[in-house]
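Step one of this worksheet: look at the structure below.
We did not get these values from a lab; they are worked out from the coordinates using the rules stated. Since this is a predicted model, take the numbers as computed values, not measurements. So basically every Cβ, Gly included, is an ideal-geometry build from the backbone, and we count neighbours across all protein chains shown.
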Amino acid sequence: MSSGHLSEIDSSVQSIRFLDGKARYPVLFLIASGVLWLLFGSLLALLASVKMHAPEFLGQWSFLTFGRVRPLHLNTMVYGWASMTGAGVALWLLSRTLRVAIPMRPYIIGVTVIWNIALFVGSIQILSGFTRGIEWLEFPVSTMIVIVWCILVIGIAAMLMLFYRNVKTLYVSVWYIIAAFLWLPLLGGVSSLPIFNSPTVQAGMNWWFAHNALGLWFTPIGLAAAYYFIPKVVGRPIYSYGLSLLGFWGLALFYNWNGFHHLIGSPLPTWFVTISIAASVMMIIPVVVVAVNHHMTVVGSFSAVKHSPTLRFVVFGAMSYTFVSLQGSLQALRSTNEVIHFTHFVVAHAHIGMYAFVTMMLFGSCYYILPRLTNWEWQSHKLIKAHFWLSAIGIILYTVPLQIGGVLQGLAMNNPDIPFMDTMNLTIPYLIARSVAGVLLTAGHLIFAYLVVRIVSKVGLRPEAPTIWKKTLKET
Amino acid sequence: MVRNWILLFGIIAVFAIAMVGLTILPKLVVDPRVEAVDYGNTFEIVQGHAIYVREGCIYCHSMQVRPEGFGADFERGWGRASEAEDYRNLTPHLLGTMRTGPDLSNIGSRQPSVDWHMIHLYQPRAVSEGSIMPPYPWLFEVVNETARPNREGLSLPEEYRIPGKKVIPTDEARYLVAFLLSLNQQVPGMED
C-alpha cells in the first residue's frame, strides 16, 4: 500500500532506532503520567479497602468518605493509569508495526498535559461531591468530555499512522488498536449525551458503557500487546492468521452486546438482558480462539517466560484474559448471576480483568518499551522480579478470597432465614484479606515507579546487557 | 487504502448496531412509561436524592428488587419486583450493583422512623451493632446543650453522646431522610 507525503510523517522506511527516537517524548510522557495516577489510585484503593472493614477510619471527613474515595479510585485507575499508559503503549506498537514515526507529537504531548489537568480537576470534583453519580462515569460530563477529546486527538494520530504506513499488510495488533481508538471516543461521546435522562434507561446506558470501556478499549489494547510481545520475545510468528482474524471479529461482534448482563433481574425489559446473556456466552468463541493462538505460539518456548521480564508479565496477563473472560461468560448465566450479583465476587472479577489482565499486560509492555525509548537499561533485575511477585501474589490474594467470600455472601443473601447482618459479617475476613493484598500490590507499584524514574532519568551507569534473568537469551 | 476503509467501516458498524440495540431501543420502550406518571417530587426529595448521590450510598446499597423466585429479595421483605416507574424519574439512576447493605427500594415503608434514620446516619453503630456503614457526621451540627432551645438533639445511646453537647440534623440530613422515606414503591396511578 502506498504511503503519503505529509510533511510531518516520514514515509521512507526507517530504522527502528529512528522510530523509537520519534516516539520517545510522547510515549514516555503518557507512560510516566499513567504511573503517577497508578500511585494515586493505589493510595485511594488502600483507603477504600480499609474503610470497608474499619468504617470509622478517617470517617469524620466528608471528602474521604467511602462513597467518594471508592469511585475516585476506579476513575483514576481507569482514565489515568490504564488509559494513559495504554495509549502510550498503543502508539508505540503502531509505530513499530506500521513502520512509521508517531505524527502530531507536539499535539500528543499537549493533550497529555490537558488530560492530566482534567484528571486532577475531576479528582477534586469527586472528592468534594461533584460526581455524575454513574458507576464508571463519575467524572462530571464536562470533565469526561475533555478526557475523551484528548483520547480522540491521540486517536487521530493513530489513524494517520494507519494511512501513511510503510508496510503492506496490517498485523493483528493494528486492528485491535485502531478499533480501540475508534471505539473509546464513540463510547465516551454517546455516554455523555443528555438523552439518557430517565433512570432505568440510564442504567442501561451505564452498563453498556462500563462493560464496553473494558471490552472495547482496554481489552483490544491488552490483546494488541499480547499479539506483539509474545511472538517477538519468543522469536517466532503468531501461530495462525485465520484464528487471529476470527478472534478479532468475534470480539467486535459479541462484546458490543454484553453490557446488559449487569442488569439481570433489574427493571429493564428482559429481552435486552437475554440478548446480552447470549452474547456473553458467544464470547467464549473469540476468547478460546485467542487463547489457542497465543498458547500455540509460546508452546515449546516456555523457558522464555522464565527469563524475560516482559514475557512473564505478558503471559500472566494473557492467561488472566482467558480465565476472566470465561468466568465472565459463566457469570452472565441467570443461575450463577442469581448468587454472585450484588456481591464482592463481581468486584474481584473486575480486578482480574483490569489488573491481572490489563495492568499486568501494561507492566510487561513497559518493561520492553522503556529501555528502547530511553536507550538505557532497567536498574535492577531483582527489583523487577520483586515487582512481578508482589503483583502476581497480590492479585491472587485479592481475588481468590474475595470471590470465595462473594459466593458465600450471595448464598447467604438468597437464604431468607439468614439475617441480613450475617451476610455482611461473614465478608469481613475476606475484606481484611483484600487490604493485605492491597498493601502488596501498592508495594509492587512503588517499586515499578522507582524503576521508571531511574530509567527515565538515567541515573547510574548504563548497564551492558538487556535485562533478562539469564544471560543466554536476548530480547530484541 | 480500500482495506483501511473496510476495517474502519466494520469497526464502526458493529459498534453502531449494538449501540442502537442497547441504548436507543430501551429508551424507546421504557421512556414513555416513565413520562406518563406525575410524581410530584418535592424539593426535599430532589435534594435528598442529590445528597444520596454525592455521598456515594450507591456503592453499598442497591435500589432494585429482583422478581419473586429470583434470589430472596421478596422473602426478605424488600418489596415487589422493581419497575421502571419506581424511580420518580430522578437521575442519576441508583439501581446499584452492590449489597453490602440492604436494598433500599422500599426503605420508606420498612423503616418509617425519622429519628431512627437520623441516628443511623450520624452513627450507624448506635442503632445497628457491628455495622460497617460509614458515619456521616457532616450532615449534623454539634452544639451546646443550651443552644437552639427549640431544636431537640438526637437521642443517642450513652456511649455516643458528647457531654454538654447535643447533635442536631442539618437541612441536608433532613432532605436525605425525606428522600429515604419517599422510597416506598408507591407509584402514583400504578397501585396494584
- Item | Value of Rg to Rh for the range B:43-182 (Rh from inverse mean 1/r over Cα pairs, i.e. Kirkwood) | 1.00
- Task: In whole Hz, with x marking every Gly and Pro, tabulate ³J(HN,Hα) for the range B:106-112 from phi via Karplus 6.51 cos²θ - 1.76 cosθ + 1.60, θ = phi - 60°.
- Result: 10, 5, x, 8, 6, 9, x
- Task: Rounded to the nearest 500, what is the 222 nm mean residue ellipticity of chain A from helices alone, with -39500 (n - 2.57) per DSSP H run of 4+ residues and division by all residues?
- Result: -23500 deg cm²/dmol
- Are there any helices in chain A, counted as whole DSSP H runs, that stretch 24 Å or more along their axis by Cα and score at least -1.0 on average by Kyte-Doolittle, and if so which? A:16-53, A:105-127, A:141-163, A:172-191, A:309-331, A:381-413, A:428-457
- Query: the range A:307-356 to the range A:67-109: how many Å between their Cα centroids?
  - Reply: 22 Å
- Pseudo-spin-label distance A:THR270 to A:LEU326, built 7 Å along Cα→Cβ, given in nm, is 3.1 nm
- Message: How much length would be gained if the chain were fully extended between A:LEU246 and A:TYR450, taking 0.36 nm per residue of separation minus their Cα-Cα distance, in nm to one decimal?
- Response: 69.4 nm
- FRET efficiency for B:ARG174 and A:GLU56, Cβ-Cβ distance as r, R0 = 25 Å, nearest 0.05? 0.55
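Can you pull the Rg over Rh of chain A, Cα-only, Kirkwood?
0.95
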- According to the square roots a ≥ b ≥ c of the eigenvalues of the Cα gyration tensor, what is the shape class of the range A:11-75, taking rounded for a/c under 1.5, prolate for a/b larger than b/c otherwise, and oblate for the remainder? prolate
- Message: Only Cα pairs within less than 10 Å get springs; with that Gaussian network setup on chain B, which residue of B:TYR87, B:TYR122, B:TYR160 has the largest fluctuation?
- Response: B:TYR160
- Low-density loop positions, GluC sites (Glu not before Pro), the range B:81-185 - DSSP coil, at most 13 other Cβ in 10 Å: B:GLU129, B:GLU145, B:GLU152
- Query: What is the range A:35-149 by shape, rounded, prolate or oblate, if you read a ≥ b ≥ c off the alpha carbon gyration tensor as root eigenvalues and call it rounded for a/c under 1.5, prolate for a/b larger than b/c, and oblate otherwise?
  - Reply: prolate
- Message: Take A:ILE393 and B:LEU25, extend 7 Å from each Cα along the Cα→Cβ direction, and tell me the distance between the two endpoints in nm.
- Response: 4.9 nm
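Using per-residue counts of other Cβ atoms within 10 Å, averaged over each peptide, order A:103-115, A:144-156 from highest down.
Working: A:103-115: 18.2, A:144-156: 20.3.
In descending order of packing, they fall as A:144-156, A:103-115.
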- Task: List every DSSP H helix in chain B whose Cα atoms extend 18 Å or more along the helix's own long axis and whose mean Kyte-Doolittle hydropathy is at least 1.6.
- Result: B:2-19
- Task: Could you check the simple spin-label distance between A:MET159 and B:GLU159, using points 7 Å along Cα→Cβ, in nm with one decimal?
- Result: 6.3 nm
- Does the range A:301-471 classify as rounded, prolate or oblate by the C-alpha gyration tensor (a ≥ b ≥ c root eigenvalues; a/c under 1.5 gives rounded; else a/b over b/c gives prolate, otherwise oblate)? prolate
- Message: Please compute, for peptide A:189-198, the average count of beta-carbon atoms on other protein chains lying within 10 Å of each residue's beta-carbon.
- Response: 4
- Note on the structure: Expressed in angstrom and rounded, the centroid-to-centroid distance over alpha carbons for the range A:157-223 and the range B:147-192 is 45 Å
- Query: For B:ASN4 and A:PHE18, FRET efficiency with R0 = 25 Å and r from the beta-carbon atoms, rounded to 0.05?
  - Reply: 0.55
- Query: Taking a quarter of the surface of the Cα convex hull of the range A:239-284, what do you get in nm²?
  - Reply: 3.2 nm²
- Please work out the Cα center distance from the range A:423-439 to the range B:47-97, rounded to the nearest Å. 25 Å
- Message: Is there a quick way to get the dipole size of the protein assembly as shown? I mean about its Cα centre, with the Cβ of Lys and Arg at +1 and of Asp and Glu at -1; what is the value in debye to the nearest 20?
- Response: 3360 debye
